[in-house]
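Worksheet: the structure to be examined is printed underneath.
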């Protein structure tokens, strides 16, 4: 499965697309992994939005399925 992860911290901030490996400390969260696993297990799910429990920040993630031939430079790919 190929997907993009969008991220923002705080409701007023802009969304950014994360890069595999580069932003590992940002997206390496149990909730993000669970969303990706859910999408892998359910082909009809094209995206998941989530907001992990906040400490002093409100992080939000959008995990979006994309075609495997998507040319976006920040595409993540799961091991099939």
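Coordinate-derived values only; no laboratory data. Keep in mind it's a predicted model, so treat the numbers as computed, not measured. Positions of Cβ are backbone-derived with ideal geometry, glycine not excepted, and every protein chain shown enters the neighbour counts.
Odds and ends about this structure:
- Among 61, 76, the order by Cβ neighbours within 10 angstrom, fewest to most, reads 76, 61.
- With R₀ fixed at 22 Å, the C-beta to C-beta distance from residue 79 to residue 49 puts the FRET efficiency at about 0.35.
- Tilt relative to the chain, helix 30-41 - C-alpha long axis, 0 to 90 degrees, to 10: 20 degrees
- Expected 222 nm ellipticity per residue - DSSP helices of 4 or more, -39500 (n - 2.57), all of the chain, to 500: -5500 deg cm²/dmol
- FRET efficiency, 1/(1 + (r/R0)^6) with R0 30 Å, evaluated for residue 8 and residue 40 via beta carbons: 0.80
- 11 Å reach of a label modelled at residue 19, 7 Å along Cα-to-Cβ, counting backbone N of the stretch 41-80: 73-74
- Cα shape, the stretch 2-69, gyration tensor, a/c 1.5 rule: prolate
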